[in-house]
Amino acid sequence: MQKGNIGVTTENIFPVIKKFLYSDHEIFLREMVSNAVDATQKMKTLQEKGDFKGDLGDLTVRVNLDADKGTITISDHGIGMTEEEIDKYINQIAFSGVSDFLEKYKDNANNIIGHFGLGFYSSFMVSKKVEIITKSYKEGSKTVKWSCDGSPAFEIDDAPDYKSAATGAPIERGTDIILYIDDDCKEFLDKYKLEGLLNKYCKFLPVPVAFGKKQEWSKDESKMVDTAEDNIINSVEPLWTKTPSTLKDEDYKSFYRTLYPMHDEPLFWIHLNVDYPFHLTGILYFPRIKNNIEITRNKIQLYCNQVFVTDQVEGIVPEFLTLLHGVIDSPDIPLNVSRSYLQSDREVKKISTYITKKVADRLKAIFNEDRKAYEEKWDDLKLFINYGILSEADFYDRAKDFALLKDTENKFFTFEEYKKLIEASQKDKDDTLVYLYATDKDEQYSYIKAAQDKGYSVLLMDGQLDVPTVQTLEQKFEKCRFSRVDADTIDRLIPKDDKKESQLDAATSDNLSAVFKSQLPSGTDKKVEYLVEVSALGEEQRPVLITQNEWMRRMKEMSRYQQGMGFYGQMPDSYNLVLNSDHPLIKRVIDDTTAAIGETLKPIESEIKGQEARLAAINQMQDKKKPEEITQEEKDDKANTQKAIDDQKAKKQQVIVDYAAKNDIVHQLIDLALLQNGMLKGEALDRFLRRSVELIK
């Protein structure tokens, strides 16, 4: 019997393991089963090379739970170990520069775990005692037992009478590792918890892994009972390990259902298979996604030699492709022993670049091979492509050949095709090409129709990232701008040289604006502001239009996506109310206003003009003096004149308000404009409906 201390230079190694791996303590099971699979794979290799002539036998790795004894046993029929190999691989944990290792790595768990290779010792995260009973495949080997209670002290002894937990017979070859689960980790003695972890981490290991027996319903006992068949929890040849040419579409769809049983069928998939300059295999699926990006993240599973590592793949997969689903498997991804964290490495960047190129090549191929089918998938697909254009500086250059624009007639165009379509008609007087777009075909219908009546094309940009992508496209396209179709009147969205001026005099225009502004709902909603203007739009255009400045609206929308833009999100929504002075109804309002209050306003306006002339003269006189030369009497005269102007303006405003409040045509025109933009609701909508009925009578 041998006794000794594990070859470490500090007695603090086990507390360090428990402390720094605690957040990932469930991975002990993955490490133990992975080691068992490795030992089994080595046995296969020895036979293939002719170094082992015997019968491999049943190579199934078995996990046994004994809740009563508080143990989990992992059994394999692999190469096993001799006493000398235990001493070399288990007892000697090689540390270099150990004098300062605790201080150096105390704040970096990843470095501690990754640097010192403590895979087996992750078992002590959950165990108060660990035993290894093993017998080497080498001829003449004996069964050896190693045990350790979590301190550096260990014992090694012969164990000829030990019977394997897997077979109930003495070990012929291989290893049993018995974990005596610690009192604070009893949850791992739950059968369903353990089975869940095996399914999570070991589902695709290349050697069969059994956990108990399959069960079936027993009528006699009225419960589920064990059968004689092993409950194999893994698929030893997952789809990504197979040659793509041997697979059919249904194979890929079936595998997707295995990975994501509650998801809709994917759009399509990409089978990755590269041997140089790194090894990588996998299958990436494009799911059907239309919104809510965050919910769809972390669906790509990273494996290392079929061992599940993590679903946090941001370091390997470009950010926009984290929306994809599927599997990536690579033995070349640099991982620490916990295998849950990527280490910084230039190879990771190479892998990321390769995946981006492979995805882009696949999208381009699908577009070229069957454009119609590609267009049918576009509404689901564009989220990925827009996200790539927004988040990856180089992706636009790859995507510009297969990214599409869709118009309101459901026709699809590449960027270049659409430019050719509109460049003859949609350039403004400064030779800037204007891309008109709508975000809701129904709500913005009248604006779309007004543009189409002019012979213009309107894009439909109703996707989650369509509007943010506009910013990037404006930078990439030559001398262009994007304008939402309701951002202004159509003639001012694409201004030509033949702009028509309103024939109204300034006083009439001001009074008309005041009549409408006095009846707008902005006074009851401080989050909305209206600017009223008069413009000659032609008799065929609507009498009143509500527009929203493209730049301000876009900044407010962008504030929802980008940090540092919250200022815009806090600003009130600002709208323009445009009164079409050419429309008969607006002319009627002008005539009615003049007839109703024209005579009343004349003396008020005359008084305002007189007082404003007096104020101008006072200002002119006082501007020639230094402040200290102006007398108190002169200051009072100026203040009184200004007050007289303000009083008359208030009087004029009250006359206009009293008149406008009783003018059903003004209210009806305002409400129609609000209704057109989906802004008439609640009590205001009810008043509009009642008024409409009265006007029809």
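Of the numbered conditions (1) loosely packed, with under 15 Cβ neighbours inside 10 Å; (2) closer than 25 Å to LEU194 by Cα; (3) of a type outside the set (D, E, K, R), THR243 satisfies every one except a single condition; which is it?
The one condition THR243 does not meet is (2).
Exactly one condition in (1) open to solvent by 50 Å² or more (accessible area, probe 1.4 Å); (2) within 47 Å of the chain's Cα centre (by Cα); (3) closer than 28 Å to LEU46 by Cα; (4) in contact (Cβ under 8 Å) with a residue 60 or more places away in the chain is not met by VAL236; state its number.
VAL236 satisfies all of (1) open to solvent by 50 Å² or more (accessible area, probe 1.4 Å); (2) within 47 Å of the chain's Cα centre (by Cα); (3) closer than 28 Å to LEU46 by Cα; (4) in contact (Cβ under 8 Å) with a residue 60 or more places away in the chain except (4).
Going by what's in this entry, would ASP380 be described as at pLDDT below 90 and either open to solvent by 60 Å² or more (accessible area, probe 1.4 Å) or in a helix (DSSP H, G or I) (or both)?
In short, yes.
May I ask you to verify whether ASN231 is under 30 Å from ARG362 (Cβ atoms), among the polar types (S, T, N, Q) and outside any helix (DSSP H, G or I)?
It is false that ASN231 is under 30 Å from ARG362 (Cβ atoms), among the polar types (S, T, N, Q) and outside any helix (DSSP H, G or I).
Filter the stretch 176-226 for residues that are over 23 Å from VAL236 (Cα atoms) and modelled with pLDDT of 90 or more and give the result.
ILE178, LEU179, TYR180, ILE181, ASP182, ASP183, CYS185, LYS186, GLU187, PHE188, LEU189, ASP190
Please determine whether any residue of the stretch 585-600 is open to solvent by 40 Å² or more (accessible area, probe 1.4 Å), farther than 18 Å from VAL532 by Cβ, in a helix (DSSP H, G or I) and in contact with a Ser or Thr (Cβ under 7 Å, 6 or more places away or on another chain).
There is no residue in the stretch 585-600 that is open to solvent by 40 Å² or more (accessible area, probe 1.4 Å), farther than 18 Å from VAL532 by Cβ, in a helix (DSSP H, G or I) and in contact with a Ser or Thr (Cβ under 7 Å, 6 or more places away or on another chain).
Is it the case that the stretch 370-377 has a residue that's assigned to a loop (DSSP other than H, G, I, E, B) and of a type in the set (Lys, Arg)?
no
Quick test of your reading of the structure: GLN570 fulfils all but one of (1) over 41 Å from the mean Cα position of the chain (by Cα); (2) modelled with pLDDT under 90; (3) not acidic (Asp, Glu). Name the failing condition by number.
Condition not satisfied by GLN570: (1).
Which one of the conditions (1) modelled with pLDDT of 95 or more; (2) within 22 Å of ARG371 (Cβ to Cβ) does ARG398 fail to meet, given that it meets all the rest?
Result: ARG398 passes all but (1).
Quick one: is ALA169 on the phi < 0 side of the Ramachandran plot, touching a residue at least 24 places away in the same chain (Cβ under 8 Å) and of a type in the set (A, V, I, L, M, F, W, C)?
Taking the combined requirement at face value, the residue does not satisfy it.
Which condition does ASN640 not pass, out of (1) open to solvent by 70 Å² or more (accessible area, probe 1.4 Å); (2) closer than 20 Å to ARG542 by Cβ, if it passes all the others?
So ASN640 meets the others, but not (2).
Taking the condition part of a helix (DSSP H, G or I), charged (D, E, K, R) and open to solvent by 30 Å² or more (accessible area, probe 1.4 Å), does ASP671 pass? Quick ask: steps written out before the conclusion?
On the way: part of a helix (DSSP H, G or I): yes; charged (D, E, K, R): yes; open to solvent by 30 Å² or more (accessible area, probe 1.4 Å): no.
So ASP671 fails the test.
So, of the residues in the stretch 144-183 that are of a type in the set (S, T, N, Q) and in a loop (DSSP other than H, G, I, E, B), which turns out to be most open to solvent (accessible area, probe 1.4 Å)?
THR167
Among the residues of the stretch 184-225, write down those that are farther than 24 Å from PHE308 by Cβ, in contact with a Phe, Trp or Tyr (Cβ under 9 Å, 6 or more places away or on another chain) and open to solvent by 80 Å² or more (accessible area, probe 1.4 Å).
Result: LYS223, MET224.
Considering only residues that are among the hydrophobic types (A, V, I, L, M, F, W, C), part of a helix (DSSP H, G or I) and farther than 24 Å from PRO266 by Cα, look in the stretch 383-433 and name the one that is least open to solvent (accessible area, probe 1.4 Å).
Ranking the candidates gives ILE422 first.
Scan the stretch 357-370 for residues that are open to solvent by 20 Å² or more (accessible area, probe 1.4 Å) and in contact (Cβ under 8 Å) with a residue 40 or more places away in the chain and jot them down.
Passing the criteria: LYS357, LYS358, ARG362, ILE366.
I need every pair where a residue in the stretch 520-540 that is closer than 30 Å to PRO495 by Cα and modelled with pLDDT of 85 or more has its Cβ under 6 Å from the Cβ of a residue that is assigned to a loop (DSSP other than H, G, I, E, B) and open to solvent by 60 Å² or more (accessible area, probe 1.4 Å), sequence separation at least 6 or different chains.
ALA536/LYS500
Considering only the stretch 256-283, state which residues are open to solvent by 20 Å² or more (accessible area, probe 1.4 Å), outside any loop (DSSP other than H, G, I, E, B) and of a type in the set (A, V, I, L, M, F, W, C).
LEU259, TRP269
Is it true that some residue in the stretch 199-211 is farther than 21 Å from VAL37 by Cβ and hydrophobic (A, V, I, L, M, F, W, C)?
Start the filter on the stretch 199-211 by keeping residues that are farther than 21 Å from VAL37 by Cβ, which leaves none.
There is no residue in the stretch 199-211 that is farther than 21 Å from VAL37 by Cβ and hydrophobic (A, V, I, L, M, F, W, C).
Out of ASP182, ASP161, ASP190, report the one residue that is touching a Lys or Arg at 6+ places or on another chain (Cβ under 7 Å), of a type in the set (Asp, Glu) and more than 23 Å from ASP38 (Cα to Cα).
Result of the check over ASP182, ASP161, ASP190: ASP182.
Cβ-Cβ below 9 Å, separation at least six or inter-chain, first residue in the stretch 622-643 and on the phi > 0 side of the Ramachandran plot, second open to solvent by 80 Å² or more (accessible area, probe 1.4 Å) and among the hydrophobic types (A, V, I, L, M, F, W, C): which pairs?
Cβ pairs passing all conditions: none.
The values are calculated or read from the model by the stated rules, or taken from the named source; none is laboratory data. Remember, it's a predicted structure, so these values are computed and weren't measured experimentally. Note that we place each Cβ from the backbone using ideal geometry, even for glycine, and neighbour counts take in every protein chain shown. The area values use the complete protein model at the heavy-atom level, side chains included, leaving out ligands, DNA and RNA. Shrake-Rupley method; radii C 1.70, N 1.55, O 1.52, S 1.80 Å.
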